[in-house]
Amino acid sequence: MEKKKRIEVVIPCYNEEECIPLIYQSIHEVAKKLPEYQVSILYVDDGSGDASFAKIKEVSERADENEVHYISFARNFGKEAAIYAGLKNSTADYIALMDADLQHPPELLLEMVKGIEEGYECCGARRVNRNGEPPIRSAFSRLFYSMATKMTSTKMEQGTTDYRLMSRKFVDAVLAIGEKNRFTKGIFAWVGFDTKWIEYENVERAAGNTKWSFSGLLRYAVNGFMSFATAPLRGAIYLGFIVMIVALVYGIYIALNMLISGGVKSGYSSIMFAILFIGSIIILLLGIIGEYLARIYMEVKNRPIYIAKAEKLDENTEMKD
Ligand code: UDP
Ligand code: MG
């Protein structure tokens, strides 16, 4: 018998105790509709503080052999690290990435498999609306995508999610990007390949709460932007030029003024203003340079992206714990 192709669904979980059995059930149902594939799940427990890991183990014991794998982190390393760990540790032919909270409808996998069979290296889901999300959050997110696409040479499209099914080739390309501070959305767009988009309506979380606060999202956006764009550094040069030209013109004006009418005008306020203005620009630019420097520093340290405390992977060969 020819060996079935394998699809593994990577699910990052951070405090998702209620969702873990639910998503297992839905994927299990979907898998029945994909008889020509062997479908498995790889839960990545991102250092949850609740009973998530216990739930994962429970699900794994009840599931068919080799149907459920897991990695559990030593602490919370963040969703990006969880995604990386999942992709790195899966040996499947096709790897899907899905949120634990059922906001990424598992049935879409069926269509994604079709897309991959058509020859796409990646088939992703795109939200057509953001129902149930605070309007301010949607507005900022829209601003982020348009800025990111304009200022980085990477095309990040509106509404695209991390939910996708990828071929081995695509996953290997993503893993070849060795940076530690990973902005997966950007990385997915950066590797290229033909991606097929499937549209769906936003769904609300099945249980539990979102892990994102507004300030958390803002940090995520700034971080994502900085890991792909060097535009702020170039902007500093342009700004420098503009200020220099203004200063030159003003200098010429003062000189002419002196020659024509003689004497220097006293000008405490204008001098104070100029010093403070230029000073603040310099401090601001130092800050921007500092941000990039900090990133270089963190990358150079070369720390691992995550540390696992327990794992059960394909074929039970690497069983620890
Ligand atoms: N997540 C994670 N580590 C974190 C935060 C979130 O693995 O530090 C997971 C979370 O369990 C979920 C997914 O990332 O499966 C998306 O998180 P969430 O639903 O909170 O984000 P939202 O859908 O609100 O953007
Ligand atoms: Mg969610």
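At-a-glance table
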read-out	value
Region 235-276 versus region 102-137: alpha-carbon centroid distance in Å	56
Sorted peptide list for 26-32, 294-300, criterion being average Cβ within 10 angstrom, highest first	26-32, 294-300
Residue of 102, 22, 293 that the Gaussian network model of the chain assigns the largest fluctuation, springs spanning Cα pairs under 10 Å	293
Residue of 42, 239, 109 that the Gaussian network model of the chain assigns the largest fluctuation, springs spanning Cα pairs under 10 Å	239
Relative contact order (percent, whole number), region 167-292, Cα cutoff 8 Å, 6+ residue spacing	28
Label zone at residue 25, where the point sits 7 Å out along the Cα-to-Cβ direction: region 195-232 residues whose backbone N lies under 14 Å	206-207
Region 166-254: C-alpha pair distances exceeding 15 Å, %	77
Spacing of the two label points (7 Å from each Cα toward its C-beta) at residue 54 and residue 222, in nm	3.9
Probe 1.4 Å, protein heavy atoms only - accessible area per residue of region 101-260 in square angstrom	55
Net charge, residue 169 excluded, C-beta distance under 13 Å - Lys, Arg +1, Asp, Glu -1	-3
Region 1-111 - percent relative contact order, Cα under 8 Å, separation 6 or more	41
Percentage relative contact order, the chain, counting C-alpha pairs under 8 Å, at least six apart	22
Extent along principal axes [Cα atoms of the chain; Å; largest to smallest]	98, 40, 36
Potential extension, residue 302-residue 268 segment - 0.36 nm per residue separation minus Cα distance	7.1 nm
Among 128, 171, 44: highest mean-square fluctuation, GNM of the chain, C-alpha pairs under 10 Å	128
Accessible area (Å², per residue) of region 23-75, counting only protein heavy atoms and a probe of 1.4 Å	42
Residue-averaged [θ]222 nm for the chain, counting only DSSP H segments that reach four residues, each worth -39500 (n - 2.57)	-16500 deg cm²/dmol
Accessible carbon and sulfur surface of the chain relative to its total accessible area, %, 1.4 Å	61
Above-threshold pairs, the threshold being 22 Å between Cα atoms, out of 150/301; 155/196; 88/185; 185/312; 55/309	150/301; 185/312
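The values are calculated or read from the model by the stated rules, or taken from the named source; none is laboratory data. All values derive from a computational prediction rather than experimental measurement. Because the Cβ atoms are built from the backbone with ideal geometry, glycine has one as well, and the counts that use them run over all protein chains shown. All accessible areas refer to the heavy atoms of the entire protein, side chains included, with ligands and DNA or RNA removed. Shrake-Rupley method; radii C 1.70, N 1.55, O 1.52, S 1.80 Å.
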